[in-house]
Each structure stands twice: as C-alpha cells, then as structure tokens.
Amino acid sequence: MSSAQTPNPRLFLIRHGETEWSLSGRHTGSTDLSLTPHGEEEARALGRLLAGVSFARVLTSPKLRARQTAELAGLGGAEIEPDLAEWSYGDYEGRRSVDIWQERPGWDIFRDGCPGGETPDEAASRADRLLDRLVNSHGDIALVSHGHFGRVLAVRWIGLTVSAGRHFATRTASLGILARETNALAAPVITLWNEAPEHGSAGA
C-alpha cells in the first residue's frame, strides 16, 4: 500500500491486538488490559502489513491495549485521542454477550446500547465528532481503536445508522480503510475491511 498527500485523507482504522478478555468474549471498555503474548505478535504482524504506508498522523485510544498495538506495529509518534476509546459498556463491562442474552434475550448493543453506559446515539455523536475533525486533513491517518467503536466509525463514515454496525465484524489486530472515491462525487467508501495478517478473536 502506498500513501499520497490528498485533501481527503484515507483513515486506516486499526483494532488493537488480542487481550485476555477479547479472547474470552468479555466486553472490555474502561478496564485497562494489556495485550496477550499472541496479541503482541498480532500487532507486530500488523506493522509488517502497514510497512509501506507513510502516515501524516497516528491517533490512538488512551487504553493500554491500543497504545501497545500502535507501538508494536511501529506506528511512532502516536497522539492520544480520547474519542477513539471503546464503547462505554456501563453495567455490561466485563460480561459476555451470551450471558447478557440469558437475562435480556435479543440484546443488541448497536440497537440497545448499554445500561449505565453509552447509547447508540451517544456513540454515533462521538464518532461523528471525530470524523468531522479529520475529514479535511491532508495525508493518511492511522486510528488505533477497538472492536465495537471501530464499527461505529465505519458505518458513520458511509452515512449509515449505528444499527448497521452489527454487520461489520472485526478480528483483533485487523485493518479497515475509510476513504473517498477518486471522482467528482468523492463519495465516502470503505476500501478494505477486517484485513489481518492472521486470524484474531472477535471480542471487544
């Protein structure tokens, strides 16, 4: 992959590597976990995938798992961006979806949000705020974030509601590219999704 300095940047959306909780399917928002040894290897492999890209900026979630991923992937000079933090799970922090469904059948974070945490509208507002700040930047930008919020960023980029996020699965240490068509319409598009050098886990 190559980079070009253009008025409308490509946003390289990166999910952090594996943690103990992503491996077990536990929702990880505010809990600050480090990468597992396998997650560290995933991050290094992701760095090799990104080796040909020159980033104008690197922004990362404040969480340790995201910062470690940026560092191990060789994304130097990362800036902390609070708006890249994971969806706030509130009362569902540390719980698995399969357990939540036992007491709340049919629960869907992208439709229902989390009690004591973020609603879908709040997650969308945070994503829109970040995208509005980046849309007129120059050069490619790396965004190191998380599973659920990364999906919110993707659907809001192409103008869909948060509920569409349920259709955009992500593996750990995976890459998506948000861009615009290179024609007069310059419509927002997703040119790559869920690309990873090796298979990761599907947790948060």
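Summary table
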| item | result |
| --- | --- |
| Accessible-area composition of segment 12-139, carbon plus sulfur, in percent [1.4 Å probe] | 48 |
| Accessible solvent surface per residue of the chain, calculated while the other protein chains remain in place, 1.4 angstrom probe, Å² | 43 |
| Whether segment 106-204 is rounded, prolate or oblate, judged on the alpha carbon gyration tensor where a/c under 1.5 counts as rounded | oblate |
| Antiparallel %, DSSP beta bridges [both residues in the chain], to 5 | 50 |
| Electrostatic dipole magnitude of the chain [Cβ: Lys, Arg +1; Asp, Glu -1; Cα centre; debye, to 20] | 380 |
| Charge dipole of segment 1-160 about the Cα centre (unit charges at C-beta), most positive-ward option of Ala127, Pro37, Asn8 | Asn8 |
| Of the DSSP H helices in the chain, those whose Cα atoms cover at least 20 Å axially and whose Kyte score averages 1.0 or more | none |
| Cβ crowding within 10 Å averaged over residues, with 42-54, 78-90 ranked highest first | 78-90, 42-54 |
| Charge dipole magnitude, Cβ of K and R +1, D and E -1 - segment 89-177, Cα centre, debye nearest 20 | 260 |
| Structure-derived Cα extents along the principal axes in Å: which label, when the choices are [x] 50, 38, 25; [y] 40, 40, 39; [z] 44, 38, 32 | [x] |
| Amide H partners (placed H, <5 Å) of Asn194, local residues excluded | Leu175, Gly176 |
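The values are calculated or read from the model by the stated rules, or taken from the named source; none is laboratory data. Just so it is clear, the structure is predicted and the values come from calculations on it, not from any experiment. FYI the Cβ positions are ideal-geometry reconstructions off the backbone, even for glycines, and counts take in every protein chain you see. Surface areas here come from the heavy atoms of the whole protein model, side chains and all, with no ligands, DNA or RNA. Shrake-Rupley method; radii C 1.70, N 1.55, O 1.52, S 1.80 Å.
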